[in-house]
Amino acid sequence: TPAPSQPAAKGKGSSKKGKAPAPTGQGQVTSRDVQKKPYEIGPEDTLYLNVLHQPDVSGNLEVGPDGYVSVRFAGRLKAAGLTIQQLSEVIADKLTAYFNHPEVIIQVLQIRSKKYYIAGEVRKAGAYPLTAPKTIYEALIEAGGPAEFAKSTKIYILRGTQKIPFNYKDVSRGKNLTQNILLENGDVIQVP
């Protein structure tokens with residue numbers, strides 16, 4: 001038996017002892033999983049397409065409001081809702097009719113499709129781009145914080161039909177940090 005101070009090897013062997021990895025399919029998804037998900041392309045994002053050794057095909061791609069991109073030799077393709085890897089595979093598949101084993105690399109240049117909103121008694125209300133994982137507290141700081149007469153203990157987030165309470169004072173003092181969740185696309189932070 002290994003000594004207790006010896007760390008267990010990760011990813012090796014088929015031992016079923018210990019903690020199982022978090023489900024990645026239709027299991028529960030916690031707010032921390034947002035950081036682990038591959039980015040999904042959205043309408044109005046700007047991408048860079050690099051088809052190795054094919055400069056005529058390479059270049060910037062603007063995702064239209066309808067979620068489609070136009071790629072030379074591949075035509076009009078649905079991009080919204082796909083990951084970078086999935087879109088790369090779709091384009092490579094289409095280009096095989098013209099090139100031998102095309103190597104396709106896509107990068108996201110600008111994210112315009114993911115947004116959250118801050119309304120009410122804050123210094124800078126409005127729409128903000130959600131370009132990286134961001135907590136409620138970080139978003140409120142970016143908006144200049146609650147205004148002087150805001151009820152900072154009564155803030156809430158509208159997420160679809162959910163109304164999620166948030167106490168700014170507690171979080172700013174290091175209390176009840178579990179309420180400081182990651183924002184999702186379309187969230188509205190309401191500061192009364």
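The values are calculated or read from the model by the stated rules, or taken from the named source; none is laboratory data. Note that the structure is predicted; figures quoted are calculated from it, not measured. All Cβ positions, even for glycine, are placed from backbone atoms using ideal geometry, and neighbour counts span all protein chains on display.
I'm trying to understand the selection: among the residues of the range 46-69, which are surrounded by 13 or more Cβ atoms within 10 Å (Cβ to Cβ), of a type outside the set (D, E) and in a strand (DSSP E or B)?
Scanning the range 46-69 gives T46, L47, Y48, L49, N50, V51, G59, L61, Y68, V69.
K12 is checked against (1) at pLDDT 50 or above; (2) on the phi < 0 side of the Ramachandran plot and fails just one. What number does that condition carry?
So the condition that K12 fails would be (1).
May I ask you to say which residue of A132, A125 is at pLDDT below 95, among the small types (G, A, S), more than 16 Å from the chain's Cα centre (by Cα) and under 30 Å from E148 (Cβ atoms)? Before the answer, list the steps.
Numbers: A132 fails: more than 16 Å from the chain's Cα centre (by Cα).
Going through A132, A125 in turn, the sole match is A125.
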